[in-house]
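Asker: I'd like to ask you about the structure that follows.
The values are calculated or read from the model by the stated rules, or taken from the named source; none is laboratory data. Note that the structure is predicted; figures quoted are calculated from it, not measured. Don't worry about glycine lacking a Cβ; one is built from the backbone with ideal geometry, like all the others, and counts go over all protein chains shown.
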Amino acid sequence: MSVGPGLAALLLMLAAAVAAADVADRKARMDAVQDLQYDLQDGLDAKDAGKAGKAAAELDRLLRLEDASWRKAGFEDVAAQAVGAASAGGRWEAAAGAYGELQATCRSCHDLHPEKRPPPAT
């Protein structure tokens, strides 16, 4: 089956639009992750289990959406879960340590040159 030039151009435009939407969605999720990290840090600093737990749970949910990319890069991250569990139990030193691990996981990709970052999930 052959595809005419008009249909091929339309398919390419559709693919580009879908890819652009995926990139925009991922950027929005990662922006939300950054905001949640600030909320989590505030909750930990205040030793507020409710605030820290809520931020950690939402972080965990959003980060799971990124898991496919992370697995390609060799990461399996559960630090957001660990922060939530530790803060819920009032174990603030453990929560702070898990938060440090979460930040290190983020930096391991974000500090790389763009060409060395894992490909986005498809």
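Asker: Any residue in the range 47-67 that's closer than 18 Å to residue 100 by Cα and of a type outside the set (A, V, I, L, M, F, W, C): show its pairings with residues that are modelled with pLDDT of 90 or more and not in a helix (DSSP H, G or I) at Cβ separation under 9 Å, as long as the two are six or more apart or on different chains.
Answerer: 47/90
Asker: If you don't mind, another one. For residue 55, indicate whether it is in a helix (DSSP H, G or I), modelled with pLDDT of 90 or more, of a type in the set (A, V, I, L, M) and surrounded by 13 or more Cβ atoms within 10 Å (Cβ to Cβ).
Answerer: Numbers: in a helix (DSSP H, G or I): yes; modelled with pLDDT of 90 or more: yes; of a type in the set (A, V, I, L, M): yes; surrounded by 13 or more Cβ atoms within 10 Å (Cβ to Cβ): yes.
In short, yes.
Asker: Something else about it: Filter the range 42-52 down to the residues that are touching a helix residue (DSSP H, G or I) at 6+ places or on another chain (Cβ under 8 Å) and in a helix (DSSP H, G or I), then identify the one that is surrounded by the fewest Cβ atoms within 10 Å (Cβ to Cβ).
Answerer: Looking at the filtered set, the residue picked out is 50.
Asker: Also: For the range 5-25, state whether one or more residues are modelled with pLDDT of 75 or more and exposed (fewer than 11 other Cβ atoms within 10 Å of the Cβ). Working first, answer last.
Answerer: Of all residues in the range 5-25, those modelled with pLDDT of 75 or more come to 24-25.
Checking the rest, the ones that are also exposed (fewer than 11 other Cβ atoms within 10 Å of the Cβ) come to 24.
For the range 5-25, residues modelled with pLDDT of 75 or more and exposed (fewer than 11 other Cβ atoms within 10 Å of the Cβ): present.
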